[in-house]
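Chemist: The structure follows.
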Amino acid sequence: MTHNLESHFCYHCGERLLQKWEDGFSREICPQCGFIHYHQYKVGVAAIIFEDNKLLLLKRNQEPWKDHWYMPAGYVEIEESIEEAVHREVKEEAGFQVEILKFHTMLSYHDDPRGNGLILFYRCQKLGGEFIANEEISDSGFFALDEIPEKIAGAGHRTMIDELIRNGFVHA
Ligand SMILES: [Zn+2]
């Protein structure tokens, strides 16, 4: 698996970090204070929301994957729980309040220019609210199995949507 390598500076002393490989894994090591920065996955959440056997998708209005569709999703902030992140991202992006029904699955991805990550998918039920186009999202809709747009974002979304399609949108 690949990892984008760029130059960084030490968290502690400001020295430029040296890139090293250990057993095939990338590390950044500070030549001055010895601090080791371990590259780790970013953690994100996404919401699988069905209504009348249609899947909620949002059209991204920013890079990466501008004008591609995906499920409401985003990174988990360090101060919040995973569940709080799900509620926050769905509200921010889709405009909906939801109930979390269950954890669905987790995927890792290596195709996002912002970094490799883990994404945790949760099945959610829409309770209320409405979509308003915003800086991040230009459009929103519920799509039947045979209506899924061609341009789907990466970072686990394409894989997840393909699985949902293979299962015929059976979402018990
Ligand atoms: Zn240092």
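Laboratory data are not the source of any read-out in this text; all were calculated from the coordinates shown. Note that this is a predicted model, so its numbers are computed, not measured. When we count neighbours, we look across all protein chains shown, and the Cβ atoms used for this are built from the backbone with ideal geometry, even at glycine.
Chemist: On a 0 to 90 degree scale, rounded to 10, what angle separates helix 82-94 from the longest Cα axis of the chain?
Modeler: 60
Chemist: What are the trypsin sites (Lys or Arg not before Pro) within the range 26-122 that DSSP puts in a loop, where the Cβ has at most 13 other Cβ atoms within 10 Å?
Modeler: Passing both the DSSP loop test and the Cβ count: 66, 114.
Chemist: Calculate, in nm to one decimal, what residue 106 and residue 7 gain on full extension: separation in residues at 0.36 nm each, minus their alpha carbon distance.
Modeler: 32.7 nm
Chemist: Could you compute the net charge surrounding residue 145? Neighbours are other residues with a C-beta less than 11 Å from the C-beta of residue 145; K and R count +1, D and E count -1.
Modeler: So the environment of residue 145 carries a net charge of 0.
Chemist: Dividing the convex hull volume of the alpha carbon atoms of the chain by its residue count, what do you get in Å³ per residue?
Modeler: Each residue corresponds to 134 Å³ of Cα convex hull volume.
Chemist: Further, regarding this structure: Which translational diffusion coefficient, to the nearest whole µm²/s, is obtained for the range 119-160 from the Stokes-Einstein equation, given a Kirkwood hydrodynamic radius over C-alpha pairs, 10 °C and 1.306 mPa s?
Modeler: The calculation lands on 123 µm²/s.
Chemist: Continuing with the same structure: Enumerate the residues in the range 79-100 having an amide nitrogen under 15 Å from the point lying 7 Å beyond the Cα of residue 142 toward its Cβ.
Modeler: 95-99
Chemist: With charges only on Cβ, +1 for K and R and -1 for D and E, what is the dipole size of the range 42-166 about its Cα centre, in debye, rounded to 20?
Modeler: Using only the charged Cβ atoms, the result is roughly 280 debye.
Chemist: Additional query: How large is the direction-averaged shadow of the alpha-carbon convex hull of the range 17-82, in nm²?
Modeler: Convex hull of Cα atoms, orientation-averaged projection: 7.9 nm².
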